[in-house]
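Step one of this worksheet: look at the structure below.
The values are calculated or read from the model by the stated rules, or taken from the named source; none is laboratory data. This is a predicted model, so every value here is computed, not measured. All Cβ positions, glycine included, derive from the backbone under ideal geometry; neighbour counts span all protein chains shown.
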Amino acid sequence: MKKINLTTQIIIAMILGIAIGQWYRTTHLDVEQQKAFASNIQILSEIFLRLVKMIIAPLVFSLLLTGIAKVGDFKSVGRIGLKTITYFLSATLLALLTGLVIVNVFEPGKALHLTTLNSVVPVSTNGFNIHEFITHVFPDSIVNVMASNQILPIIVFVLFFAVATASIGERGKVIIDFFDAVGHVMLKVTGYVMKLAPLGVFGATTAVITQQGLGILSGYAGIILCFFGGLLFFVFVILLGICLVLGIPFFKLIAHVREPMLLAFTTASSEAAMPKVILGLERFGISNRIVSFVLPLGYSFNLDGSIMYMIFATISIAQAYGMDIPFTQQLSMMLILMITSKGVAGVPRASLVVIASMLTMFSIPVEGLTLLLAIDWLLDMGRACTNVIGNAVATCVISKWEGEKYS
């Protein structure tokens, strides 16, 4: 009997989650019972995501270190790094412009006609602090940042560590070989953890449907359709256009990363999909030295779906309150988000903190963020999937710019 592949298992798990969640919701009308059931079944999702987070720090550390070493010389590292950051900033700007155009043309927030909300968003509303951001980038303890999976500080430490390792010549080769072996071991561990992905998807989907129900989407159809339309435009017009210009086989690339795309969509976490993206890109034909260098940076600097959502959500909430945000202020939002979005982990609901800061900064009622909480899980699925595709394309672009050839 033919074995069911991981993609099919994930789809089946999602369908079962929807069915069982809705069944429990209709047979147990007590809200407290629904909350208790959702909390218990969500343990499956929490275990899976914890295992994935367990992988991230050692995987990024080992792959980035060996990726830098395999480049050969630090002049090349600087060249690749400059190309990578240039592309990331360009892609971020395109994502922001896409979100800004979509939200201004279709004005999805206006249909909600908000005047006041009873609840308050339970997230930080402190404005962006440049001092805190810069000091966060440079770790005071590599152990602490690895324990909390803070990708950007880990990357800074690895860059210092890699330069120091290379500078001691032959003695450093032992360290490079060690971390190369660690990288291969972590990829093997990744394979084991990913076998549990369907259980994680089942737990997350069942919990959401049990508490929210299928009818939750009806009141927010405009926002959902508008945002997902923007994501599709970004993927199949902008990213596809970039690939066509550079001669990258876009749909073949999609075929190689479809499993991590689906995993990111169903778990609402692009971070959870990173190990599978690495494997998919290497199967596509991109060298390990490019994948290991570009992809980890992408998870701090190139979250296309998340950055689009930040500008989309901020303007939508203003529209819901009947506020007219001048074009000059919208440009200011874009420039601020170019900075504040960097280093945001690709994990569920991470964008809400940044959006709350933007609302405070531009005197938009922060309470408006509660209107998105009911559907944020669905929007998060779309932006996580887009983050995966965006980083896959970014890696291919740098590969092309470095003169690599693949079928």
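Quick rundown of the values:
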item	result
Matching entry among 227, 157, 251, 236 (being modelled with pLDDT under 90 and of a type in the set (Phe, Trp, Tyr))	157
Unmet criterion (only one of (1) at pLDDT 80 or above; (2) crowded, with 24+ Cβ neighbours inside 10 Å) for residue 368	(1)
Leading residue by the ranking (surrounded by the most Cβ atoms within 10 Å (Cβ to Cβ)) among those in region 156-183 that are within 17 Å of residue 293 (Cβ to Cβ) and out of contact with any helix residue (DSSP H, G or I) (no Cβ under 7 Å at 6 or more places or on another chain)	159
Helices (runs of 4 or more DSSP H) lying entirely in region 14-109 (those with 2 or more residues that are modelled with pLDDT of 80 or more and within 21 Å of residue 152 (Cβ to Cβ))	43-71, 74-106
Spans of helices (runs of 4 or more DSSP H) in region 170-233 with at least 2 residues within 30 Å of residue 94 (Cα to Cα) and small (Gly, Ala, Ser)	221-233
Residue, surrounded by the fewest Cβ atoms within 10 Å (Cβ to Cβ), within region 243-278, restricted to residues that are over 13 Å from residue 201 (Cβ atoms) and among the aromatic types (Phe, Trp, Tyr)	251
Some residue of region 260-275 being of a type in the set (D, E, K, R), part of a helix (DSSP H, G or I), at pLDDT below 85 and in contact with a helix residue (DSSP H, G or I) (Cβ under 8 Å, 6 or more places away or on another chain)	yes
Some residue of region 112-128 being in a helix (DSSP H, G or I) and either of a type outside the set (Ser, Thr, Tyr) or modelled with pLDDT of 80 or more (or both)	yes
Residues of region 146-174 that turn out to be over 23 Å from residue 277 (Cα atoms), of a type in the set (A, V, I, L, M) and without any contact (Cβ under 8 Å) to a residue 60 or more places away in the chain, as a count	3
Filter result for the condition that a residue is over 30 Å from residue 397 (Cα atoms) and surrounded by 14 or more Cβ atoms within 10 Å (Cβ to Cβ), over 153, 198	198
Which numbered condition residue 245 misses (of (1) without any contact (Cβ under 8 Å) to a residue 60 or more places away in the chain; (2) under 14 Å from the mean Cα position of the chain (by Cα))	(2)
Given (1) modelled with pLDDT of 65 or more; (2) closer than 13 Å to residue 310 by Cα, number of the condition residue 349 does not satisfy	(1)
Residue check for residue 382: modelled with pLDDT of 85 or more, in a helix (DSSP H, G or I) and surrounded by fewer than 24 Cβ atoms within 10 Å (Cβ to Cβ)	yes
Residue check, residue 293 in a helix (DSSP H, G or I), closer than 30 Å to residue 194 by Cα and more than 12 Å from the chain's Cα centre (by Cα)	yes
